[in-house]
Amino acid sequence: MREMARVILESLIVVVVGTGIALVANVGSDVGLELRRNYFKPVGSRPSVPTADSSATTQPGDQAATRPAVQESSSPVHAAQGSAAGEVANKVEKLVKEAGLTPLRHDEVAALFHDPQYQSDAYVFVDARNEKQYHEGHIPRAWRLDHVNPQLTLDLVQPFLLGAEKIVIYCHGGDCEDSLFTAGYLRDTVGINPSILHVYTGGMEEWASKGGPVEKGERLSGDITTGGAQ
């Protein structure tokens, strides 16, 4: 009995001393431990599924399990997205006009693309994205010139720009600002008359989504597919 009592007493002393040391360490730590927080999740527990209002990020493999199957045409979310895209396009058009430039929509850009003057370089298209994006797919015959590193291609493109009757500049589309910045660079630095500068507000994403031809690689590579094709 005495031996058992001694063991119990020693165990209590160890517990008390250990708790005291932990509390002191917690107070002295910059981060500390939250004593009421459960740091150990039950084995086999699953992460909670984020709701529409949740800021949690879903892993790519979980999307099929957490996203309900909804017909896109009847989805109010899809309708809201279309409305939001229209609002963005209107805002971009307004910015283009305020800069003294001319905004163009898809049908206008397509008409210029199919005009024989595009083939003779009287109309010049400028892709304002970076080199990687350009090589992944651009409007056929478009030159690459971005405002971040214009020196990489300006010497090659400038003679065509100075001789053009119309210049159409585009980037991704939507709220992408690269086309606006590049247009500003051509106007303010290169000295292009703003009356011939046009900005395709829909950009490459709209061009491809509406079935426009897409050229991969360098300009005039001949590697042309229909927009949206893999």
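What's the number of the condition K97 fails, among (1) surrounded by 12 or more Cβ atoms within 10 Å (Cβ to Cβ); (2) in a loop (DSSP other than H, G, I, E, B); (3) modelled with pLDDT under 95?
Failed condition: (2).
Residues in the stretch 141-150: is at least one basic (K, R), surrounded by 15 or more Cβ atoms within 10 Å (Cβ to Cβ), farther than 14 Å from L104 by Cβ and more than 18 Å from the chain's Cα centre (by Cα)? Give the steps one after another, and end with the answer.
Initially, the stretch 141-150 is screened for residues basic (K, R), giving 141, 144.
Filter once more, keeping what is surrounded by 15 or more Cβ atoms within 10 Å (Cβ to Cβ): 141, 144.
Applying the additional criterion that residues be farther than 14 Å from L104 by Cβ yields 141, 144.
Subset that is more than 18 Å from the chain's Cα centre (by Cα): 141, 144.
Checking the stretch 141-150: at least one residue is basic (K, R), surrounded by 15 or more Cβ atoms within 10 Å (Cβ to Cβ), farther than 14 Å from L104 by Cβ and more than 18 Å from the chain's Cα centre (by Cα).
Return the total of residues in the stretch 100-137 being surrounded by fewer than 16 Cβ atoms within 10 Å (Cβ to Cβ), of a type in the set (G, A, S) and not in a helix (DSSP H, G or I).
Here the count works out to 3.
Looking at G217, G227, G202, can you tell me which residue is touching a helix residue (DSSP H, G or I) at 6+ places or on another chain (Cβ under 6 Å) and modelled with pLDDT under 95?
Details: G217 fails: modelled with pLDDT under 95; G202 fails: modelled with pLDDT under 95.
Just a single option satisfies the conditions, and that option is G227.
Is it fair to say V168 is within 14 Å of F113 (Cβ to Cβ), of a type outside the set (S, T, Y), modelled with pLDDT of 95 or more and crowded, with 20+ Cβ neighbours inside 10 Å?
When the stated conditions are applied, V168 passes them.
Which pairs have Cβ atoms under 8 Å, sit 6 or more apart or on different chains, and link a residue in the stretch 91-103 that is under 10 Å from T201 (Cα atoms) to one that is of a type in the set (K, R)?
P103/K97
Which numbered condition in (1) modelled with pLDDT of 70 or more; (2) surrounded by 13 or more Cβ atoms within 10 Å (Cβ to Cβ); (3) under 22 Å from the mean Cα position of the chain (by Cα) is the only one that D62 fails?
For D62, the failing item is (1).
Checking the conditions here, which among S195, S209 is at pLDDT 95 or above, over 23 Å from S221 (Cβ atoms) and among the hydroxyl-bearing types (S, T, Y)? I'd like the intermediate steps shown before the answer.
On the way: S209 fails: over 23 Å from S221 (Cβ atoms).
Going through S195, S209 in turn, the sole match is S195.
Identify, by number, the condition in (1) small (G, A, S); (2) surrounded by 18 or more Cβ atoms within 10 Å (Cβ to Cβ); (3) assigned to a helix (DSSP H, G or I) that S195 doesn't meet.
Status for S195: all satisfied but (2).
Restricting the stretch 171-189 to residues that are of a type in the set (G, A, S) and not in a helix (DSSP H, G or I), which is modelled with the lowest pLDDT?
Going through the qualifying residues, I end up with G174.
Could you give every pair whose Cβ atoms fall below 7 Å, whose first residue belongs to the stretch 208-221 and is at positive phi, and whose second residue is hydrophobic (A, V, I, L, M, F, W, C) and outside any strand (DSSP E or B), counting only separations of at least 6 or pairs across chains?
none
Quick check on the stretch 109-162: of everything there that is among the acidic types (D, E) and without any contact (Cβ under 8 Å) to a residue 24 or more places away in the chain, which residue is farthest from G217 (Cα to Cα)?
Of everything passing the filter in the stretch 109-162, D115 is farthest from G217 (Cα to Cα).
The values are calculated or read from the model by the stated rules, or taken from the named source; none is laboratory data. Note that this is a predicted model, so its numbers are computed, not measured. Cβ: placed from backbone, ideal geometry, glycine included. Neighbour counts: every protein chain shown.
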